[in-house]
Amino acid sequence: MSEVVIVEAVRTPFGRRHGGLSTMHAIDLLGAVQQELFRRTGLDPTLVGQVVGGCVQQVGMQAMNVTRNAWLAAGLPIEVAATTVDSQCGSSQQAVNLASSLIAAGVVDAAVACGVEVMSRIPMGAGTSDASLGKPINKNYWAQHEYTSQFEAAERIAERWGVSRADCDEFAKLSQDRAAGAWAGGRFGTQLLPIDAPDVGDDGKPTGTTHRVEADETFRETTLSGLAALTPTGRPDGVHTAGSSSQIADGAGAVLLMARSRAEALGLPARATIVDTCLVGSDPTLMLTGPIGATDQLLAHNKLAIGDIDVVEINEAFAAVVLCWARETGADMDRVNPNGGAIALGHPLGGTGAILVTKAVHELERTDTEHALVTMCCGGGLGTGTLIRRG
């Protein structure tokens, strides 16, 4: 099997809902990070074997294989094939894992993994909004499993692991403080691609001018008293609020992977090695506990302990998801989302996985450390996992 390395990884800024990236078409946003991989490396894009992308709401401008449409709209080679996958919130992390598997198996020796979601224009639930097309869950599913929302699942997780409202608010403030500190310290500069987004008039039509989005728009100064004043979202007496849940956001990320032998032959340095990947199933009613199983599997398969992991990027879908994972794994929270997570920065659904891998690669380099773990909970009871090693 070929050893798989990450040659380049890049992301857009996180755009707040109805913010600077909301005027972008999804294929243009995704195409921008796809193109940037080749601008940074100088690689001929015809050498890529396949492109695998993630997207959750595959309707409207994100329909019809958004990954392929982005590639073509960016003027990239028509001979390079592309696929769009849906593993819910973990879609573009699963795209990274699948692209890695293609290389390891010798099917291709170079691949792009990527993902996008423009939630300002294609909101959550858009794919199920037309009831005339049928519902994704039917009585046969209900006969097997109780169907819950992610909001209810997060509250049940909090109950089971004894996570309080104060715990969630404190974690939310930590995420915001870390994101603000990361920006103040210039930690995101190497991973970020500024985007020139079109201006639109009051009629919603492009004006022909653009504005530049070059920083994350989502994090904000936060206080515990301000968080405590927010209304619960999942239940009237729940522990989660908008302040301790992932933010709706727009964004995209892309990762260039190669067989190590191919990268070396082309003179491209490996920034990180894909050590192992997984996609695990978890209780679909609790839904959001998948990172526990994914972490356990990756550590066991590679004879590592949680203390061997220098950087963890775990999606902050809800505060309790991260806190219950930390209690089960014994993770050192100083190493977990050190530059803030989705509570502060946002969660553009199908784009987040590739973005988290990008963040992990750049943070390993910044801190001169060795191992990183990326993991996400996913709707329907899944957990994605990617274990990487610097260089």
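The values are calculated or read from the model by the stated rules, or taken from the named source; none is laboratory data. These numbers were taken from a predicted model, which means no experiment stands behind them. Reconstructed Cβ throughout: ideal geometry from the backbone, glycine too, with neighbour counts over all protein chains shown. SASA here: full protein model, heavy atoms, side chains in, ligands and nucleic acids out. Shrake-Rupley method; radii C 1.70, N 1.55, O 1.52, S 1.80 Å.
On inspection, Ala197 passes the criterion of being in a strand (DSSP E or B) and of a type in the set (A, V, I, L, M).
Scanning the stretch 86-107 for residues that are of a type in the set (S, T, N, Q) and under 19 Å from Glu316 (Cβ atoms) gives Ser87, Gln88, Ser91, Ser92, Gln93, Gln94. Looking across Leu43, Leu21, one residue alone is assigned to a loop (DSSP other than H, G, I, E, B) and over 29 Å from Lys205 (Cα atoms). It is Leu43. Considering the stretch 91-163, the qualifying helices (runs of 4 or more DSSP H), each wholly inside and each with 2 or more residues that are over 24 Å from Ala294 (Cβ atoms), run over 139-144. As an exercise: evaluate Ala63 against (1) more than 21 Å from Cys378 (Cβ to Cβ); (2) without any contact (Cβ under 8 Å) to a residue 60 or more places away in the chain and give the number of the one condition it does not meet. Only one criterion is unmet by Ala63, namely (1).
Those residues that are outside any loop (DSSP other than H, G, I, E, B) and in contact with a strand residue (DSSP E or B) (Cβ under 9 Å, 6 or more places away or on another chain), I need them from the stretch 229-256; list them, please. If the condition is that a residue be outside any loop (DSSP other than H, G, I, E, B) and in contact with a strand residue (DSSP E or B) (Cβ under 9 Å, 6 or more places away or on another chain), then Pro232, Thr241, Ser244, Ser245, Ala249, Asp250, Gly251, Ala252, Gly253, Ala254, Val255, Leu256 are the ones that fit. For the stretch 204-232, a residue qualifies if it is farther than 22 Å from Phe188 by Cβ and not polar (S, T, N, Q), and the qualifying residues are Gly204, Lys205, Pro206, Gly208, Leu224, Gly226, Leu227, Ala228, Ala229, Leu230, Pro232. Residues in the stretch 1-18 that are within 18 Å of Ala215 (Cα to Cα) and part of a loop (DSSP other than H, G, I, E, B): Thr12, Pro13, Phe14, Arg17, His18. Within the stretch 362-378, not a single residue is in contact with a helix residue (DSSP H, G or I) (Cβ under 7 Å, 6 or more places away or on another chain), open to solvent by 10 Å² or more (accessible area, probe 1.4 Å), over 30 Å from Ala26 (Cβ atoms) and without any contact (Cβ under 8 Å) to a residue 60 or more places away in the chain. Per this entry, Leu37 is counted among residues that are open to solvent by less than 20 Å² (accessible area, probe 1.4 Å), in a helix (DSSP H, G or I), over 26 Å from Val200 (Cβ atoms) and out of contact with any His (no Cβ under 8 Å at 6 or more places or on another chain). Under 8 Å between Cβ atoms, which residue pairs at least 6 apart in sequence (or on different chains) link something in the stretch 121-145 that is closer than 22 Å to Gly204 by Cβ and basic (Lys, Arg) with a partner that is assigned to a loop (DSSP other than H, G, I, E, B) and open to solvent by less than 70 Å² (accessible area, probe 1.4 Å)? Hits for this filter: Arg121/Ser22.
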